[in-house]
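Worksheet for the structure shown next.
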Amino acid sequence: MTNWKLVLIGAALSVMPIGVLDAKAEPPSHFVRQSPDATTLIVFVHGVLGDGQSTWTKGTAYWPSLLSSDPAFNGADIFVYSYSTTLWATLSPDELAENMRLQLNANGVARYQHPVFLAHSLGGLVTRAYLLKNRDVASRTSFIYFFLRQRLEVRSHRSQRCSRAIRRSAR
């Protein structure tokens, strides 16, 4: 390998956040709230280089906990699906979808009549692959929200229409 390629790789590695290259111990998938009579389940699915905690946390606010304490979501259980992810991840969205199926089944998610998915980034691709392979769950799914962090303050006309449609459907 020529020297300039080594310098380029070294420079790229030096600006990456610590831990991006390391396989990190992912907190296990878990329920934030679980009750015996709930028929709705809200599933949070993080994206690439994220995890089930940091993706859904802003300051001290953890979205799954906020939903569990909000009376508007009474009657809904809340589950955080977690999977290991690094910059050099080797699992495809389809393989992660199978992992998701195994974890959701192991946690009794199949009993819910109305699953709802909140998916960020790669989590959206994983959720899509999961639902395409598990049509019985897809047929009962009430809502899917594919979420990306917007880095710009300017929003397109199309995203504004989408936001209005989501707000209307949530009423």
Counting only residues that are open to solvent by less than 20 Å² (accessible area, probe 1.4 Å) and either without any contact (Cβ under 8 Å) to a residue 60 or more places away in the chain or not in a helix (DSSP H, G or I) (or both), how many does region 117-135 have? 5
Out of region 47-69, which residues are open to solvent by less than 40 Å² (accessible area, probe 1.4 Å) and either touching a strand residue (DSSP E or B) at 6+ places or on another chain (Cβ under 9 Å) or touching a residue at least 40 places away in the same chain (Cβ under 8 Å) (or both)? Gly47, Gly50, Gly52, Thr55, Trp56, Tyr62, Pro64, Leu67, Ser68
With respect to Leu66, determine if the residue is modelled with pLDDT of 75 or more, more than 22 Å from Asp136 (Cα to Cα) and aliphatic (A, V, I, L, M). yes
Please find, within region 144-161, the residue that is modelled with the lowest pLDDT out of those that are open to solvent by less than 70 Å² (accessible area, probe 1.4 Å) and within 23 Å of Ala76 (Cβ to Cβ). Phe147
Scanning region 32-46 for residues that are surrounded by fewer than 24 Cβ atoms within 10 Å (Cβ to Cβ) and in a loop (DSSP other than H, G, I, E, B), which turns out nearest to the chain's Cα centre (by Cα)? Gln34
Among the residues of region 77-132, count how many are touching a strand residue (DSSP E or B) at 6+ places or on another chain (Cβ under 6 Å) and of a type in the set (Asp, Glu). 1
Surrounded by 15 or more Cβ atoms within 10 Å (Cβ to Cβ) and assigned to a helix (DSSP H, G or I): does that describe Ala72? no
What about Leu102, is it under 22 Å from Ala38 (Cβ atoms), at pLDDT 95 or above and in a helix (DSSP H, G or I)? yes
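The values are calculated or read from the model by the stated rules, or taken from the named source; none is laboratory data. Since the model is a prediction, treat every value here as computed from it, not as a measurement. Using ideal geometry, Cβ is built from the backbone for each residue, glycine included, and neighbour counts are taken over all protein chains shown. Surface accessibility is based on the protein's heavy atoms, side chains included, excluding ligands, DNA and RNA. Shrake-Rupley method; radii C 1.70, N 1.55, O 1.52, S 1.80 Å.
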